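The values are calculated or read from the model by the stated rules, or taken from the named source; none is laboratory data. Because the structure is a prediction, the values reported are computed rather than measured. Every residue, glycine as well, gets a Cβ built from its backbone with ideal geometry; the counts of neighbours run over all protein chains shown. To get the accessible areas, we keep the full protein, side chains included, count just its heavy atoms, and leave off ligands, DNA and RNA. Shrake-Rupley method; radii C 1.70, N 1.55, O 1.52, S 1.80 Å.
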Amino acid sequence: MSTIHPPEHHFQGRPADHGGHGTAGAGPDVVVVGAGVIGLTTGVCLAESGWRVQLLTRSAPAGTTSAVASAMIGPSFGDPSDPETVRARVGIAEFTELAARGDTGVVLRRGRLAARGDASPLPGLTACAPADLPDGFAGGSWARLPLVDMPVYLDHLVGRLHAAGGRIVETEVRSLAELAEYTPRIVHCAGLGARELVGDPQLRPVRGQQVVVENPGLDEFFISAPFEPDWTAYWPHPGHVVLGGSQDDGGTTEPDPVLADRIRARCIAVEPRLATARVLAHQVGLRPVRSAVRLEVEMIGGARCVHNYGHGGTGVTTSWGSAREAVALLVDDPVGQPSISR
Ligand SMILES: Cc1cc2nc3c(=O)[nH]c(=O)nc-3n(C[C@H](O)[C@H](O)[C@H](O)COP(=O)(O)OP(=O)(O)OC[C@H]3O[C@@H](n4cnc5c(N)ncnc54)[C@H](O)[C@@H]3O)c2cc1C
């Protein structure tokens, strides 16, 4: 098994070590590309199983798409044999447990999923009474779901990774083939970055904009469903509320002030207490949308590479399920087992 640390000249810029321990004098067993929610969760699963893990990332976790996700976990009504449904259900269970811990950025909140048109109650949920519904909504259901304060949650994942001996190095990976010369195993979690790294023509950015405001005392979420290109949603966190939602093709991460006004107006129409809430931030993220998540093995040179990218608008929800599948694909490993116990 190779334990060669990838050399600095293979990266653009000077790697900045973001901590971690337990790997002194030894190279990693696995290099994970990406430190968004997919790379971090995969790194945590590997490191907590005993692998020596190094994450290489162009941007710090706080600068990723994952950091601006809303992020609501579930619900999931899909076909139970569909891999996406399986991943979502793994995520709902895992985030529900994380909410019980209290220090992870995850909380369980009650809220309404309301529809303007088709008003059939959603399977397994309690139908809203007519008095529960805002003007213009024909029906809806009450749900209790995990909501994730992403900056806090990403810090939680970084803490777990470091506690298990994993390391994060901030650097650009230019080529998986070059990386494969120095490590026997790669997990590729570059999100939209996969467009350049593997030239995947199926991957495209879908822009989402949100307004973050002070929390005027809300503890229930609201989301209009099924989604239209612009829908109405607000998700309360302890100190703030995230207002959404939007989706459009386009690559700019510059906030659009007209769209921001529309998002606020729609949310205020449902929850008038938001009218006086001070605006704290405008956020834009580009969802890495693909016809299906790419979760498969590719041999690159002598290295086993597991691709784990293309999670679109549900990457937080499906992060734990995807990470465990990626680990399973890596463990079925012809290049040898890690040198420390798992
Ligand atoms: C507005 C908005 C709201 C959302 N709400 C929800 C929600 O409610 N629930 C939900 O489940 N999901 C939600 N999502 C979707 C979710 O945010 C994404 O699916 C998820 O963040 C994708 O994670 P990722 O780790 O694949 O990508 P990213 O977070 O983009 O991370 C990619 C990583 O790869 C690194 N990278 C890329 N290229 C290179 C390279 N060449 N070299 C080194 N590093 C590289 C980047 O620096 C980064 O660290 C939302 C998204 C948006 C935009």
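Just to confirm my filter: which strands (runs of 3 or more DSSP E) fall fully inside the stretch 240-342 and include at least 3 residues that are not assigned by TED's automatic domain parsing to the domain that holds His188? Break it down into steps so the answer makes sense when it comes.
Details: elements: 240-246, 279-289, 294-300, 303-309.
Counting at least 3 such residues, we get 240-246, 279-289.
Checking each residue in the stretch 101-144 for being farther than 30 Å from Leu157 by Cα and of a type in the set (Asp, Glu) picks out Asp118, Asp132, Asp135. Selection over the stretch 56-88 of residues that are near the ligand (Cβ under 8 Å from one of its atoms) and either crowded, with 17+ Cβ neighbours inside 10 Å or at pLDDT below 95 (or both) gives a count of 14.
Here the stretch 183-236 is the region considered, the condition is being in contact with a helix residue (DSSP H, G or I) (Cβ under 7 Å, 6 or more places away or on another chain) and of a type in the set (Ser, Thr, Tyr), and the residue that is farthest from the ligand (Cβ to nearest atom) is Thr232.
Which one of these is open to solvent by less than 50 Å² (accessible area, probe 1.4 Å) and closer than 27 Å to Arg101 by Cα: Ile168, Ile186?
Details: Ile186 fails: closer than 27 Å to Arg101 by Cα.
So the residue among Ile168, Ile186 that is open to solvent by less than 50 Å² (accessible area, probe 1.4 Å) and closer than 27 Å to Arg101 by Cα is Ile168.
Those residues that are open to solvent by less than 20 Å² (accessible area, probe 1.4 Å) and outside any strand (DSSP E or B), I need them from the stretch 139-155; list them, please.
Met150, Tyr153, Leu154
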